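Heads up: the structure comes next, in structure tokens.
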Amino acid sequence: MLVSKMRTHIQKGAVVLMAAVSVYFVYYTWHSFRRAIRFCYGEMERWNNVQIVENDAVIEMSTRHIYFGLWAAAIVFSMAGILAGLYLLNRVRIGFLFDEISARSIQIFGAVTVLAMGVDTIFGFFDLYLLTLHNADHQFPVQYMYDPSDLKTAVLASVMFMFGWVMREAVKIERENKEFV
Amino acid sequence: MGIIVRLDVMLATRKMKSKDLAAAIGISEQNLSLLKSGKVRGVRFETLAKICDVLDCQPADLLEYEAEG
């Protein structure tokens, strides 16, 4: 297959993927914030309906703010990861397949995704503690908890980061070779 | 850089045009021009060998070191 034809296919693929990721980005943002706002502020009784929370526990507003803050941070970092992916796809769509900025955006995508999974895990540490903070008894301590799917995503994102790094070096070598006659 | 490219001198000596040399060694005229002006980071041994072959000269006839300062 001709290089130019392959390039066109890659660019078309990026357009399709961009459309799908954009839809997902809007859905993810809307759905995640809707859940967080509803849980923390919208329907106040939801907190007490959690199995480990006592029904008569009075949840202070400051606890709700902290819980929402941590949840929102996890959402925002995930959004940043998706946006980095969209930026990369847009560069591919325009035609920048093999340059330093595209390589760096692969690295940024990987790094932000790892960071998002990290924030998600930290949120997990405080999740049960904050939920049960106002129980008369049976309060849960801050504890190490992790989601295996978060770990899997973080490992894959680390591979992406490394791939971006290798690509950056390859771009540098190519540029250096071009300077040799 | 202390390396001076004497390709233009050799071309004049051999009464050869840059265009012909570029065609003979298989590089673009633009790259040959960059090489002549010394605006390249390096020259491949392969290119150097081809130039020496076409101009019937030695690498030392094409490159010269000049101490800086």
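Read-outs: derived from the displayed coordinates by stated rules, not from any lab. These numbers were taken from a predicted model, which means no experiment stands behind them. Virtual Cβ from ideal backbone geometry, glycine too; neighbours counted across all protein chains shown.
One table, with the values for the structure above:
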| quantity | calculated |
| --- | --- |
| Length released on extending from B:Q58 to B:I4, taking residue separation times 0.36 nm less the Cα-Cα span | 18.0 nm |
| Coarse-grained scattering of segment A:1-82 at q = 0.19 Å⁻¹, given as base-10 log I(q)/I(0) from a Debye sum over alpha-carbon atoms | -0.87 |
| Dipole of the protein assembly as shown, positive direction: furthest Cα of A:N135, A:I10, A:Y28, with charges on the beta-carbon | A:I10 |
| Centroid-to-centroid separation of segment A:44-108 and segment B:20-39 [C-alpha atoms, Å] | 54 |
| Alpha-carbon Debye profile of chain A, log10 I(q)/I(0) at 0.08, 0.16 Å⁻¹ | -0.38, -1.00 |
| Chain B: calculated mean residue ellipticity at 222 nm from DSSP helix runs of at least 4, using -39500 (n - 2.57) | -14500 deg cm²/dmol |
| Calculated diffusion of chain B, Stokes-Einstein form, Kirkwood radius summed over Cα pairs, 20 °C and 1.002 mPa s, µm²/s | 176 |
| Structure-based [θ]222 nm, chain A - -39500 (n - 2.57) summed over DSSP H runs of at least 4, per residue, nearest 500 | -27000 deg cm²/dmol |
| Charge tally in the Cβ shell below 13 Å around A:D147, where Lys, Arg are +1 and Asp, Glu are -1, A:D147 excluded | -2 |
